[in-house]
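*Asks:* Shown below is the structure under consideration.
The values are calculated or read from the model by the stated rules, or taken from the named source; none is laboratory data. The shown structure was predicted, so the numbers you read here are calculated from the model rather than taken from an experiment. Cβ coordinates were reconstructed from backbone atoms using ideal geometry, including for glycine residues, and neighbour counts include every protein chain displayed. Heads up: the accessible areas ignore ligands, DNA and RNA and are worked out on the full protein's heavy atoms, side chains in. Shrake-Rupley method; radii C 1.70, N 1.55, O 1.52, S 1.80 Å.
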Amino acid sequence: MSSLANNYKRKKLSFIKGSGSFLISTNGKKYLDFVQGIAVNSLGHSNNHLNKAIQKQSRKLWHVSNAFKIPEGEKLANRLVKRTFADSVIFQNSGAEATEAAIKVARRYFYSLGKPKKTKIICIKNSFHGRTLAAIHASGSKKMTEGFGPRIPGFDHFNFGDHKKLRNLINKNTAAIMIETVMGEGGIKVIPNWCIKAIRDLCDKKGILLILDEVQCGIGRSGKFFAFEYARVKPDIVPIAKGIGGGFPIGAVLMTKKVAKAMVPGTHGSTFGGNPLAMSVGNAVLDKIDSNLLNNVKKMSKYFILKLNILKKKYPKIIKEIRGIGLLIGIQLWEDQTNFINKLMENQLLTIRAAENVIRILPPLNVKKSEIDTALKIISKVCNDIK
Ligand SMILES: Cc1ncc(COP(=O)(O)O)c(C=O)c1O
C-alpha cells in the first residue's frame, strides 16, 4: 500500500536514471522516453549544461526572498523580454500558477483603469489551464470541476471552433480571451494561424486582452520560441512553465508594459517563484534554445509527421489522424488509446494520452533522427500486432 494519495493512475514502472531521450527503469530496462515529463525536459534527461548550472548555483545560493533583488531572475527576465513580445515578467513555480497570474494581471489591468467589473475571461470549453480552483473553472471541464464546488465565477466558455458563440459571449464585463495556442491535454489541437489572428483582431476591436497559454507548446516545442509566432500576432499576456525549467519547476507570466503597469507592489507574489536556483536553471535552458535547436525541432517534426502519415495510410483502421506542430505530436486512434499506449510501453517506448483518443508524443527538443526511427519501428510493430 502506498502512503501517497490515489489521485494519479500511475503505471507500475519507475526509473532510476535518465540520459537524453532515454530512461532506465528500476528493473534495468531502457525506455525511449517520448513523454519527457509531459513536455518539461526540453533538453532531455540529465543534460550536461543544466547539470553544471544547477551544481554551480547550488554551491553558491539556493533561495532568498523576493523581498530582495535576485540578479539571476533579473537576467532571465531580461533575456525573455529581449526574445519575445513581452516587456515584463513575474516568475512562478508551475503552469497553473502562471495561468492564474495571467488572469490576475488581466483583471488588475482593467481595475487600474477604473473598470473593476471588467473581470470575465472567455475560454475554450474543455481546454486545460491547470488544476488550481480558478484554473479548473477556466478550463470549463465537467470532469475536472466535479466535486470542487462552488463554481468559481468569471469564466465563459465556447466550444472549439464556435466563433459565433465566442463573438456573442463578449460583453462589457469581458476582460480577456484566454486560449492555449495548441490545445495539449485537449488532444493536440493546433489553433490555425488565421484563427489566432482573427481572435487578436476581435480583442483589439472590443478593447479586451488576449492571453495565450503557452505552458505546454512554448519555449521552442513548436519549432519557434512561441507557437503564436507562426500567426504573427502579439498577445498581451502569456503564461509559460514546463519547458523553461527543463525539469526544474518554473512558471512565469510574460506581459506587455501596458498591462504590467497594473501589477504594483503587493498585487502578486510567491515565496519560491524566481529563486536563484530556479533562475539559474532557466537561464541555462535559455542558453540552448537557439536557432540550431529550433531547426532541429522543425526538421525532426517534419520527418516524424511524414512517417506517421505513411503509417496512417498503412493502418487506416487503427490511426484516424496525425496532428501536431513541432515536437508536440498526436496520433489520434479510432478507438480508446489505452491499450495502444500500454503496448508501446511493453516495447519500451513511453508516450502519454490526451483527449479524443490521442496518443501524445513529446520527445526532447534535441531528439535525434535515429531515436525517431526507433519510435516509428515500435509504433509500426504495435499497429501490426493489433491489426
Ligand atoms: C496549456 C497548459 N496550461 C497550464 C498547465 C498547468 O501546468 P502545471 O501542471 O505545471 O500546473 C498545463 C499542464 O499540462 C498546460 O498544458
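*Asks:* Go through the residues of region 186-207 one by one and say whether even a single one is more than 15 Å from the ligand (Cβ to nearest atom) and under 18 Å from Lys104 (Cα atoms).
*Replies:* Checked region 186-207: at least one residue is more than 15 Å from the ligand (Cβ to nearest atom) and under 18 Å from Lys104 (Cα atoms).
*Asks:* For region 80-107, name all the residues that are over 20 Å from the mean Cα position of the chain (by Cα) and within 18 Å of Ala284 (Cα to Cα).
*Replies:* Answer for region 80-107, where residues must be over 20 Å from the mean Cα position of the chain (by Cα) and within 18 Å of Ala284 (Cα to Cα): just Lys82.
*Asks:* What single numbered condition from (1) in a helix (DSSP H, G or I); (2) surrounded by fewer than 22 Cβ atoms within 10 Å (Cβ to Cβ); (3) within 15 Å of the ligand (Cβ to nearest atom) fails to hold for Ala135?
*Replies:* Failing condition for Ala135: (2).
*Asks:* I'm told Ser46 meets every condition in (1) open to solvent by 30 Å² or more (accessible area, probe 1.4 Å); (2) within 25 Å of the chain's Cα centre (by Cα); (3) within 21 Å of Leu344 (Cα to Cα) except one. Can you identify the failing condition by its number?
*Replies:* (3)
*Asks:* Can you report the number of residues in region 217-231 which are touching a Lys or Arg at 6+ places or on another chain (Cβ under 6 Å) and within 12 Å of the ligand (Cβ to nearest atom)?
*Replies:* 0
*Asks:* What are the residue pairs meeting all of these: first residue in region 368-384, first residue acidic (Asp, Glu), second residue modelled with pLDDT of 95 or more, Cβ atoms under 8 Å, and 6 or more apart or on different chains?
*Replies:* As it stands, the answer is Glu371/Ser21; Glu371/Leu32; Glu371/Pro363, since those pairs meet every condition given.
*Asks:* I need a count of the residues in region 235-248 that are surrounded by fewer than 24 Cβ atoms within 10 Å (Cβ to Cβ) and not hydrophobic (A, V, I, L, M, F, W, C).
*Replies:* Selection size over region 235-248: 1.
*Asks:* Can you tell me which residues in region 249-279 are crowded, with 17+ Cβ neighbours inside 10 Å and assigned to a helix (DSSP H, G or I)?
*Replies:* Once the filter is applied, which keeps residues that are crowded, with 17+ Cβ neighbours inside 10 Å and assigned to a helix (DSSP H, G or I), region 249-279 yields Val259, Ala260, Pro276, Leu277, Ala278, Met279.
*Asks:* Which one of these is more than 15 Å from the ligand (Cβ to nearest atom), open to solvent by 20 Å² or more (accessible area, probe 1.4 Å) and at pLDDT 95 or above: Lys142, Lys120?
*Replies:* Lys120
Residue-by-condition table, conditions (1) assigned by TED's automatic domain parsing to the domain that holds Lys117; (2) open to solvent by 60 Å² or more (accessible area, probe 1.4 Å):
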site	(1), (2)
Leu4	no, yes
Leu23	no, no
Arg83	yes, yes
Ile90	yes, no
Gly95	yes, no
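*Asks:* For region 145-164, how many residues are of a type in the set (D, E, K, R) and either over 20 Å from Ile191 (Cα atoms) or within 15 Å of the ligand (Cβ to nearest atom) (or both)?
*Replies:* Summing the residues that are of a type in the set (D, E, K, R) and either over 20 Å from Ile191 (Cα atoms) or within 15 Å of the ligand (Cβ to nearest atom) (or both) in region 145-164 gives 2.
*Asks:* Determine the pairs where a residue that is assigned by TED's automatic domain parsing to the domain that holds Val264, located within region 52-71, has a partner that is open to solvent by 100 Å² or more (accessible area, probe 1.4 Å) and modelled with pLDDT of 95 or more with Cβ atoms under 8 Å apart, the partner being 6 or more residues away or on another chain.
*Replies:* So the pair list comes out as His63/Phe272.
*Asks:* While we're looking at this one, here's another question. Go over the candidates Leu212, Leu254 one by one and state the one that is among the hydrophobic types (A, V, I, L, M, F, W, C), within 12 Å of the ligand (Cβ to nearest atom) and within 21 Å of Ile196 (Cα to Cα).
*Replies:* After ruling out the rest, the residue left standing is Leu212.
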